Every structure is written in C-alpha cells, then in structure tokens.
Amino acid sequence: MTKTAIEAATLSFAKDPFLNDVEDCYHFEEDAVIVMEDGTITQIGKPSDILPTLGDTKVTKYDDSIIVPGFIDTHVHYPQTEIIGAYGEQLIDWLNNYAFVAEQNFSDSDHAQEVARVFINEQLRNGVTSSAVYCTVYPRSVDALFAEAQKHGMRLMAGKVCMDRNAPEPLLDTPQRAYDESKELIEKWHGNGRLEYVVTPRFAPTSSPEQFEMLKTLVNEYPDVLIQSHVSENLNEVEWVKELFPGAKDYTDVYDKYDLVRKRAIYGHGVHLTERELGVFHDTGAAVAHCPTSNFFLGSGCLNVTNLKNPARPVKVGIGTDLGAGTSFSILQTLNEAYKAAQMNSLPYTSLHSFYLATLGGAEALGLEDKIGSIQVGKEADLTVINMKSTPIIDYRMRYADSLEEALFVQMILGDDRAIAATYVAGSKVYAAQNH
Ligand code: GUN
Ligand code: ZN
C-alpha cells in the first residue's frame, strides 16, 4: 500500500455552473489534507482532523497554492507537437502544408516514441493528467503514446486516425484497414490499466462513405469505446462537407447517420454548429471540445459556449488545447483564450465556469465523471497543485485579488506552465516545479 498526503487549499466542482447557481456548484477549502492510497483519494478534510490519523505518512504541504482536480485536455494531436506555431494559414491549407507533413514522420516508431515522450512530459508540466489524443494513421504511433502514458499511470484516451481520401497517399488507409487496425488496437489497449481507445475518423472530408460504414459497424460492436472527430470548425470546411455529403442535413448529420454521435463521442471545435445540430448533441449526449487557442490561431471563429449551454438543450463541453493548431499546452492559457472567445459572444462567464470546464466539465464530456474531474473520496487521485504566486507580477497582482473568483481569474489570465507546482497521477507525484 502506497499512502501519501498533500496539504493546501482545494477547489472542486460537483455541478455545472452554466446550468446552476455558481455558488452551489463548487467546494472550496482554505486548508485541507488529501490522502491518497493505491491510486485513489481515501480521505479529505481539515488538517486538525486528518493529520492525527496519519501516523508516519508523509504530508507534503504546498504554501500559497490551491489543489484542483488534474486538468483534462479533451482534444489534442500529439504528432503535431513539432509544428506548434506554424505560420500563416487557415484550416485546410494548414492541414496540407503542416499537419499532414509532420504526421508522415510517424511511420517510424522511434520518432513516435520520442515525440510521445516530449508530449506527455509537457502535459504533466502543465498539470494535464488526462486527455483525448489523436495519433496518426499508423497503429505504431498509438502504441508509442499508450506505452508512454502507461509509464506514468495516466488515464489517457487515444486512437488511430482513420482517413481514406483527401490527404497525402502515405497517410491514407482503406475502409477495411481502418476497421481492422482500429479493432486490433481496441483489443490491445481499451481497458488496459487506465487506458481507453477512441475510434478516430479525422473529419468528414477525409473519410469516404464506405469508411464511415465500416466505422459504424465497429462502434456498434464496441458500444463503450470513445469516439472523436472534428465538426464545424471553419466555414470553408463546412461548405466542403456539404459538397461531399449532399444527402446529409448538415455536418453533424454526416456523423449521426453512421451512429458516431452518442455518449462518449467528442467533437472538436463546433464553432459554427446550427441550432438543429446542437439539439442532436444534446439529445444524444455527445460533447464538444472547446479549442479556443486553435480557433483564434487558424482564424476559425469564436465558439459561443454560453449558447452551447442553453438550459433548454445544454451540450456537454470540455476544454481542448488542440495542439498543434492550438498554441499552448497550458490549460490556464487555454482558459485565458476561452474567456476572450466568451467576451466576443456573451457573458456571464467567470473563472469558476472556466475551472469547471477544465476539470469536471471535461470528465463529463468524456463520460468519466465517476472516476476523475473532482476531488472526492473514492475518485482517482489525479491532482494538480497551482502555485498562486508563480511569477513576480502574479505575486504582486494577487495582493489585490480579494475573492476566490478573482484569484482564479488572475491565474488563468497571467498563469502558464510556471504556475504548476506539482502534478499527481494516481496518487504519485509525476511532476514538481524546481522550487517544490
Ligand atoms: N480538422 C481535421 N484535422 C484537423 C487537425 O489536425 N487540426 C485541426 N485544428 N482541425 C482539423
Ligand atoms: Zn483537432
């Protein structure tokens, strides 16, 4: 039995603040001890109650810090780590000129392993403990990422990208290969420790109707695997999908016809979804990954998250970095951009809404709220410790922050990887900043 404990302020959500009175949605403790045993949280409480029960268990105390559930990145492409910040294009040109070039390097297992190492290391430095990850068309790129995540005990979801048209020839599979290779990877990795498989058609333009038919068969054979793809990111893309699938009611309908819109299906972007499509997301329990740094970087648009959360038909939403069109591994920086996207649309959208999206919101979007996303006895012990004074200017600014909401807002506007004091995965410290 490995037993450890950490002490600091804590923040955790129990409900969606977009749909309930914000004050009823979260629990904040100014000073609490969290005890972790064999990967799960076994006790939480005031130091005066918990410390006397701990015997010689080591307690790590973090000053000027707040412990939150490990951040969840609900949409990210690990093979694009090497092209973050590639200049100058909108979606389709960016894919052709950068993403599709970088992804061809992943036929080489050594390269895939190296990038997987860099990628996972960077996630842990940024307090990301779980994510839904796109690999490449090559199954070995999936093996490389899962193997790296497993070394750290992470709850990670990933899948082989399926595409059989409108991409360079070396990146294309076929309908049959998409089925066979995805199935083999499901058998190997789905439910292997904390890993889960995600059936991953890249997006509607790169899969033929025949490939979608095969993926429909696959997801019906495995009703508990996750599904991920992109939807309504860019207006030219939306027009292209209309031309490619003239019989579909809209973009979402392309996926829906092949049973790909359901619980535990998560679609990146959704910037231009119509009211009808949002109704389908609501009715089926599918989720949207909000990827604001990418939406700004590629000029795709501003997602109106408040509209997605319309109480008449709320949609599940998580936060996605969407690297490498996204520009930061930092969830704090991604929340910064999500705030600006909200400003361009509608308010209210506070720091508490933001931290919900990055934790419990992400867990709900991925159907994992019974396991991760909140600090609760019985939940898996994935925790991120935020140093509230990580830079001189944040330290100075925090003197003038006189509420929890304001303190969190300062962190998400000014904070980045330097704000992460430590990251715990399944109760083990997997990252600590130099001064911690
Ligand atoms: N749509 C299809 N593929 C991609 C991708 O790799 N990145 C982004 N941002 N959008 C996509
Ligand atoms: Zn993406």
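The values are calculated or read from the model by the stated rules, or taken from the named source; none is laboratory data. Nothing here was measured: the structure is a model prediction, and the numbers come from that model. Using ideal geometry, Cβ is built from the backbone for each residue, glycine included, and neighbour counts are taken over all protein chains shown. Surface areas here come from the heavy atoms of the whole protein model, side chains and all, with no ligands, DNA or RNA. Shrake-Rupley method; radii C 1.70, N 1.55, O 1.52, S 1.80 Å.
Kindly indicate which of Q123, Q104, Q150 is out of contact with any strand residue (DSSP E or B) (no Cβ under 6 Å at 6 or more places or on another chain), within 28 Å of T359 (Cα to Cα) and open to solvent by 50 Å² or more (accessible area, probe 1.4 Å). None of the other options fit; the residue is Q150. Summed over the range 300-325, the residues that are within 13 Å of ligand 2 (Cβ to nearest atom) and either at positive phi or touching a Pro at 6+ places or on another chain (Cβ under 6 Å) (or both) give a count of 1. Of the residues making up the range 361-388, those that are of a type outside the set (S, T, N, Q), in contact (Cβ under 8 Å) with a residue 12 or more places away in the chain and surrounded by fewer than 18 Cβ atoms within 10 Å (Cβ to Cβ) are K371, V377, G378.
Could you go through the range 155-164 and let me know if any residue there is among the charged types (D, E, K, R), within 26 Å of V288 (Cβ to Cβ), outside any strand (DSSP E or B) and under 18 Å from the mean Cα position of the chain (by Cα). Scanning the range 155-164 turns up at least one residue that is among the charged types (D, E, K, R), within 26 Å of V288 (Cβ to Cβ), outside any strand (DSSP E or B) and under 18 Å from the mean Cα position of the chain (by Cα).
Of the strands (runs of 3 or more DSSP E) contained entirely in the range 1-94, those carrying at least 2 residues that are open to solvent by 20 Å² or more (accessible area, probe 1.4 Å) and over 21 Å from T129 (Cα atoms) fall at 26-37, 59-69. Restricting attention to the range 262-282, the residues that are open to solvent by 10 Å² or more (accessible area, probe 1.4 Å) and either within 20 Å of S208 (Cα to Cα) or within 16 Å of ligand 1 (Cβ to nearest atom) (or both) add up to 3.
Cβ-Cβ contacts under 9 Å between residues 6 or more apart (or on different chains), taken from a first residue in the range 181-205 that is within 16 Å of R140 (Cβ to Cβ) to a second residue that is among the hydrophobic types (A, V, I, L, M, F, W, C) and open to solvent by 30 Å² or more (accessible area, probe 1.4 Å), are listed as S182/M214. When the range 293-345 is filtered for residues that are in a loop (DSSP other than H, G, I, E, B), farther than 19 Å from E233 by Cβ and out of contact with any helix residue (DSSP H, G or I) (no Cβ under 7 Å at 6 or more places or on another chain), the ones remaining, listed by number, are K309, N310, P311, A312. Tally up the residues in the range 391-425 that are open to solvent by 30 Å² or more (accessible area, probe 1.4 Å) and either assigned to a helix (DSSP H, G or I) or in contact with a Gly (Cβ under 8 Å, 6 or more places away or on another chain) (or both), please. Residues meeting the conditions: 14. Scanning the range 220-235 for residues that are polar (S, T, N, Q) and over 14 Å from A286 (Cβ atoms) gives N220, N234. Applying the selection to the range 73-115, what residues are more than 16 Å from ligand 2 (Cβ to nearest atom) and hydroxyl-bearing (S, T, Y)? Once the filter is applied, which keeps residues that are more than 16 Å from ligand 2 (Cβ to nearest atom) and hydroxyl-bearing (S, T, Y), the range 73-115 yields Y87, S107, S109.
If you go through the range 9-57 and pick out every residue that is of a type in the set (A, V, I, L, M) and more than 25 Å from the chain's Cα centre (by Cα), you end up with 7. Are any residues in the range 296-323 closer than 20 Å to S351 by Cα and among the charged types (D, E, K, R), and if so, which ones? Scanning the range 296-323 gives K309, K316. Restricted to the range 426-436, and to residues there that are over 19 Å from the mean Cα position of the chain (by Cα) and among the small types (G, A, S), the residue that is most open to solvent (accessible area, probe 1.4 Å) is S428.
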